[in-house]
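Shown next, in structure tokens, is the structure this report addresses.
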Amino acid sequence: MSKIRVIIDTDPGVDDAIALWLALASPELDVLGVTVVAGNVPLEATLKNACKIVALSGRTDVPVFAGAPGPLVREQVYGKYAHIGAFSHELVPDTASVPPQDEHAVDFLVRTLRQAALDSDPVTLCVIGPMTNIALALGMHPDVARGIRQIVSMSCAFTALGHRVPWAEFNVYADPHAAEKVFSSGVPLVIMPLDMTFQALIGSTDIEYLCQHGGEPGKAIAALLAAFDRTDIKRFGRDGGPVHDATTIAWLLQPALFSCVAATVGVEVSGKTAGYTYADFYRKLDTTPNATVIQSINESGFFSLLKQRISHYGTHEGIHTP
Amino acid sequence: MNPLAIIIDCDPGIDDAIALLSAFVSPELNILGICTVCGNQPLENTTRNALQITELGQRIDIPVFAGCHQPMLRAPIHGQFHGKTGLGNSEFAAPEKQAETQHAVNFLIEQCEAAAESDQPITLCVLGPMTNLATALRMKPQITAGIARVVMMGGACREAGNRTMTSEFNMLADPHAAHIVFSSSLPITMLPLDATHQVILTPEHVAGFVNIAGRISQPLGELMAFWDRNDPRRYGSRGGPLHDPLVIAFLLAPALFSTEKARVYVECDSELCMGQTVADWYGKTALTPNVDIVTGVDSEKVFALFYELLSRYAEGCP
């Protein structure tokens with residue numbers, strides 16, 4: 001079976017790191033590149049983190065590209081842990097050097113996706129940060145949209161309330177205009193909203209397993225989750241914290257772990273509730289659905305997959321460049 | 001004196017075409033390239049038109065770069081006064097010259113980075129929606145170091161809009177791009193409708209240009225004749241406002257223009273006022289003024305300048 005060609009657009013970020021390590025350990029995926037955007041932390045830090053994450057995976061063949069340093073229109077906001085900046089050496093050790101490419105992330109996206117359109121071999125985008133890079137690329141050439149098979153996006157909050165602010169999920173809140181551009185682009189969307197990501201909470205047993213069996217990335221995941229604990233018993237009613245971004249990769253690998261519904265998805269770009277997203281679950285609008293909205297996740301199946309893949313890093317052979 | 005290094009970002013467009021033809025015969029200007037954008041016409045047409053005008057002006061030495069095919073966020077709108085092709089009823093042969101393969105946004109970034117490196121910043125002349133420049137700024141904000149100034153045609157400050165009640169076409173076509181440029185740190189000279197409505201190209205002027213413009217007389221006359229709005233109620237006479245060419249006139253003869261400094265804000269939320277440019281004339285906001293708004297034009301001398309410029313096509317030059 002041929003591999004799924006994918007570009008991961010990211011703003012690492014703890015859960016971005018888990019998503020990247022999951023992707024880089026999965027032979028089903030051909031990761032063409034990692035494009036980086038400002039988001040959880042400023043671009044300088046997300047870029048440094050992305051390079052360290054890729055380096056620690058051993059997949060030094062995967063190029064990393066620096067993208068947009070801020071949102072399209074709104075003023076910049078960062079994640080809850082922005083003050084931390086780049087991951088320290090203690091959390092994610094520096095190993096082999098993976099320097100960022102000279103080419104801009106947007107140029108890489110435009111070049112790769114236009115070629116994909118020409119070859120009729122469109123690429124999947126896994127978008128797990130603010131959508132600024134994708135929006136800019138879509139605006140550069142009409143073939144960019146044609147070169148995208150689907151955008152799998154960790155974004156939005158529908159039945160769940162927001163997390164960075166009460167009305168919005170962070171990736172949309174950080175650049176609502178970019179989200180609007182992506183949602184209205186006509187490209188097939190798969191949305192992993194907070195409604196679903198809040199259903200899969202990683203607990204201490206699984207973290208311990210990753211730490212023991214997952215090699216260097218496994219240890220780093222444990223250290224990151226300990227340093228930036230997302231446990232919120234009051235909100236989730238039980239122990240454990242969500243690993244939002246990693247669900248996008250899991251969906252590519254095992255879609256049967258999820259249930260979904262087609263819906264029209266839209267976003268408020270300005271005003272007091274900028275970043276608010278809606279999904280027309282009950283067909284109140286006279287529109288053709290633009291998205292597949294993921295509604296539920298098989299929690300134990302998801303963490304089994306995560307543990308199984310991250311364990312590759314701990315085996316004697318480790319992960320090898322294909 | 002060294003010629004002024006400029007890039008012209010445009011959406012030809014009849015008045016863009018006149019601006020280009022004027023710039024082509026100005027040795028004071030070193031035109032590094034022409035960028036095109038979706039605006040008065042779809043990108044395909046504005047690019048073709050730019051190529052045709054470089055051929056008409058015999059300046060095929062200037063590279064043409066196709067830019068963004070749509071505004072940053074809004075659905076494209078096009079001009080209403082430029083005819084089917086964007087160049088009125090004029091019939092130009094399909095251009096032999098080709099656009100460069102490099103994207104206009106990448107050309108802008110590359111030139112501005114080089115200009116910053118050599119400490120010889122470029123003047124950007126923006127005659128259409130500001131999509132290309134805004135995209136470049138969002139990709140690489142540090143290119144501002146390579147930009148001396150943005151001289152742009154667009155907006156309406158005390159004057160009413162020309163596409164909607166409040167808004168001038170270029171601002172309405174891509175208000176988000178305009179917002180990005182106006183909220184950047186770049187120094188801007190703005191030629192809004194307040195300025196361009198002081199310079200009406202009347203049928204008498206057109207007859208004058210036809211007399212002096214030598215080998216381009218016929219196509220220039222056709223372009224200019226098509227430009228007649230025939231709306232004396234708004235413009236005080238027959239004719240049409242010479243919007244985009246004023247950018248070139250300003251570069252060549254700034255003394256013919258008077259400016260007022262203010263911070264300018266662009267509305268990009270309200271559908272009613274979308275694209276409105278609001279000038280803070282009296283310092284009501286906390287931000288420092290960043291725009292030199294042209295509010296006065298010596299129209300007679302500006303026409304004299306254009307007569308002089310376009311008569312150069314009669315002298316066998318360039």
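The values are calculated or read from the model by the stated rules, or taken from the named source; none is laboratory data. Only a predicted model underlies this, so the values are computations on that prediction, with no experimental measurement involved. Here the Cβ positions follow ideal geometry from the backbone for every residue, glycine too, while neighbour counts run over all protein chains shown. Just the protein is used for accessible areas: all its heavy atoms, side chains included, with ligands, DNA and RNA removed. Shrake-Rupley method; radii C 1.70, N 1.55, O 1.52, S 1.80 Å.
With respect to the conditions (1) within 19 Å of B:Leu242 (Cα to Cα); (2) touching a residue at least 60 places away in the same chain (Cβ under 8 Å); (3) open to solvent by less than 10 Å² (accessible area, probe 1.4 Å); (4) not basic (Lys, Arg), B:Gly79 falls short on a single one, namely (3).
Residues checked against (1) without any contact (Cβ under 8 Å) to a residue 60 or more places away in the chain; (2) exposed (fewer than 14 other Cβ atoms within 10 Å of the Cβ); (3) farther than 25 Å from B:Val199 by Cβ; (4) among the hydroxyl-bearing types (Ser, Thr, Tyr):
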residue	(1), (2), (3), (4)
B:Glu260	yes, no, no, no
B:Cys268	no, no, yes, no
B:Leu272	no, yes, yes, no
B:Thr277	no, no, no, yes
B:Gly283	yes, yes, yes, no
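No other residue among B:Leu133, B:Leu172, B:Leu108 is outside any loop (DSSP other than H, G, I, E, B), open to solvent by less than 40 Å² (accessible area, probe 1.4 Å) and away from every other protein chain (no Cβ under 14 Å) apart from B:Leu172. Only residues that are open to solvent by 10 Å² or more (accessible area, probe 1.4 Å) and touching a strand residue (DSSP E or B) at 6+ places or on another chain (Cβ under 8 Å) were counted across region A:149-170, and they come to 3. B:Ala195 meets all of the listed conditions (1) closer than 23 Å to B:Ile18 by Cβ; (2) part of a loop (DSSP other than H, G, I, E, B); (3) more than 14 Å from chain A (Cβ to nearest Cβ) but one, namely (2). A:Glu44 meets each of the listed conditions (1) more than 14 Å from every other protein chain (Cβ to nearest Cβ); (2) in a helix (DSSP H, G or I) apart from (1). How many residues, within region A:114-139, are in contact (Cβ under 8 Å) with a residue 40 or more places away in the chain and either closer than 20 Å to B:Pro71 by Cα or buried (at least 24 other Cβ atoms within 10 Å of the Cβ) (or both)? Of the residues in that region, 14 qualify. In region B:1-24, which residues are open to solvent by less than 10 Å² (accessible area, probe 1.4 Å) and more than 23 Å from B:Ala177 (Cα to Cα)? Passing the criteria: B:Ile18, B:Leu21, B:Ser22, B:Ala23, B:Phe24. Residues that are surrounded by fewer than 18 Cβ atoms within 10 Å (Cβ to Cβ) and either β-branched (Val, Ile, Thr) or under 25 Å from B:Arg215 (Cα atoms) (or both): does region B:38-59 have at least one? There is at least one residue in region B:38-59 that is surrounded by fewer than 18 Cβ atoms within 10 Å (Cβ to Cβ) and either β-branched (Val, Ile, Thr) or under 25 Å from B:Arg215 (Cα atoms) (or both). List the helices (runs of 4 or more DSSP H) inside region A:95-164, counting only whole elements, that have at least 2 residues being away from every other protein chain (no Cβ under 12 Å). Output list reads A:105-118. I'm trying to understand the selection: among the residues of region B:111-130, which are crowded, with 24+ Cβ neighbours inside 10 Å and in a helix (DSSP H, G or I)? If the condition is that a residue be crowded, with 24+ Cβ neighbours inside 10 Å and in a helix (DSSP H, G or I), then B:Cys112 is the only one that fits. Pairs are defined by a Cβ separation below 7 Å, a sequence spacing of at least 6 or placement on different chains, a first member in region A:252-263 that is within 17 Å of A:Pro193 (Cβ to Cβ), and a second member that is charged (D, E, K, R) and open to solvent by less than 50 Å² (accessible area, probe 1.4 Å); the pairs so defined are A:Ala263/A:Asp280. For region A:76-96, does any single residue satisfy the condition of being farther than 30 Å from A:Ala274 by Cα, in contact with a Lys or Arg (Cβ under 9 Å, 6 or more places away or on another chain) and surrounded by 21 or more Cβ atoms within 10 Å (Cβ to Cβ)? There is at least one residue in region A:76-96 that is farther than 30 Å from A:Ala274 by Cα, in contact with a Lys or Arg (Cβ under 9 Å, 6 or more places away or on another chain) and surrounded by 21 or more Cβ atoms within 10 Å (Cβ to Cβ).
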